[in-house]
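Any read-out appearing in this document is the output of simple, stated calculations on the displayed coordinates, not a laboratory observation. No experiment lies behind these values; they were computed from the predicted model shown. Here the Cβ positions follow ideal geometry from the backbone for every residue, glycine too, while neighbour counts run over all protein chains shown.
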Amino acid sequence: MGAFVVVVAIGIAVFLMRGHDETVVVLPSQDGHTGTVVVQRGEARQVLDQPYATSRTGHKEVERLSDDEVKQTFGNTLQALPHRPTAFMLYFITGTDELTTESKAELQNILSALRERPLPDVLVIGHTDTVGDLLNNDRLSAQRAETVKGFLVEVGIPETRIRTSGRGEREPLIRTGDEVDEPRNRRVEINVR
Amino acid sequence: MRWTIALALLGITATAWAADVGEIKVVQGAAQIERGKERLPVKVGMAVQEADKVVTAAESTVGITFADNSLLSIGPNSVLAIDKYVFDSTTHAGQFDSTLSKGTLAVVSGKIVKQSPEAMRVRTPSAIMGVRGTEFIVRVD
């Protein structure tokens, strides 16, 4: 009887002390590139840098989970990942807050990205080229950002979800001297997430 | 006088740290955030703060987008603590530490990791992961 109790007690102790069963898997990202995760478990260190490379407690070697196994165990978790942040660029006619013809078309892509998201978060940053003085360009870049915000609000994106800022000629895409008419610098960046 | 300014600055920084670091974008089923003594039901649009603990029920999931564009999703029956989150939106320097004590977690790293590899760490009961990018999943049984 005493021995039985001891055996049961040891059994319970072993059960309580058993380590967690842990799994870490590195996935190929959407652009096909695979990143790296370094797993440190006590003294042991594993570097996961191949698609589906897997580290498990109690396993010394790096293993590889199949895509199916990942889907089975992590499918619902992966499905809950928010939409990927994405960025767009719109370009303007010189000295104005009027979009180029190409950029008017791009506006449609932005709208569909926004409609995909239940709760879109938009950051609109206006820029200018180096034609004109600094102050005027600050004003123009802010105005460009506001114009784009106006388009978005017009199609139903809540105003509270859109932030704007104007960076003037401080952050050119293409570095130029002063007073250079550079179409690629007359732009608004739209970050959607 | 100088000290007063320094203290005032510290105060501002401390407030900034307590501020929102992410936003709940996806909720399925039931989940709550433990914030100090509060227990808040998780809703889409809710802000996530440093030191929050996200707890999901069975068949429930939560997706969060952070200030640096890091994305996290938490599977059913999981507990994830946001231990530390600091991000400078100008330099992209920062630190993002979290702990998964049980359940499943999916991670897409953001600007913090791009700027300084391994500035994002995920802890589990038996391991610590340094993240050099970009997508990975963790399960603790």
>> Rounded to two decimal places and with Rh computed the Kirkwood way over Cα pairs, what is Rg over Rh for the protein assembly as shown?
In response: 1.07
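Return the loop-located GluC sites (Glu not before Pro) in region A:54-105 (DSSP other than H, G, I, E, B) with at most 14 other Cβ atoms within 10 Å of their own Cβ; answer none if there are none.
Sparse-neighbourhood loop GluC sites (Glu not before Pro): A:Glu61, A:Glu98.
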> Relative to the first principal axis of the alpha-carbon coordinates of chain A, what is the inclination of helix A:2-17, with its axis defined by its Cα atoms, in degrees from 0 to 90 and to the nearest 10?
Replying inline: 10 degrees
> Restricting to region B:21-140, what percent of DSSP beta bridges are antiparallel, rounded to 5?
Replying inline: 90 percent
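I want to verify the translational diffusion coefficient of region A:86-192 in µm²/s; compute it with Stokes-Einstein, Rh as the Kirkwood radius over Cα pairs, at 25 °C and 0.890 mPa s. Display every interim value, and only then the final one.
Values: Rh = 13.7 Å.
For these conditions, the coefficient is 179 µm²/s.
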>> With just the Cα atoms defining each centre, how far is region A:103-135 from region B:58-95? Give it in Å.
In response: 26 Å
>> What percentages make up the Cα-Cα pair-distance distribution of chain A when the bins are 10 Å wide from 0?
In response: 8, 23, 18, 16, 16, 10, 4, 3, 2, 0
>> Considering all alpha-carbon pairs of region A:22-79, what whole percent are spaced by more than 16 angstrom?
In response: 43 percent
> For region B:115-141 and region A:18-81, what is the separation of their Cα centres, given in Å?
Replying inline: 10 Å
>> Using the Karplus curve 6.51 cos²θ - 1.76 cosθ + 1.60 with θ = phi - 60°, what ³J(HN,Hα) values do you get for each residue of region A:44-61, in whole Hz, with x for Gly and Pro?
In response: 7, 9, 10, 9, 9, 9, 10, x, 6, 4, 10, 10, 10, 4, x, 10, 6, 8
> Looking at region A:30-107, which trypsin sites (Lys or Arg not before Pro) are in a loop (DSSP not H, G, I, E or B) and have at most 14 other Cβ atoms within 10 Å?
Replying inline: A:Lys60
> Pick from A:Asp178, A:Asp133, A:Asp31: which is most flexible by mean-square fluctuation in a GNM of chain A where alpha carbon atoms under 10 Å apart are linked?
Replying inline: A:Asp31
> Quick one: Kirkwood hydrodynamic radius for region B:21-140, alpha-carbon pairs, angstrom, one decimal?
Replying inline: 14.0 Å
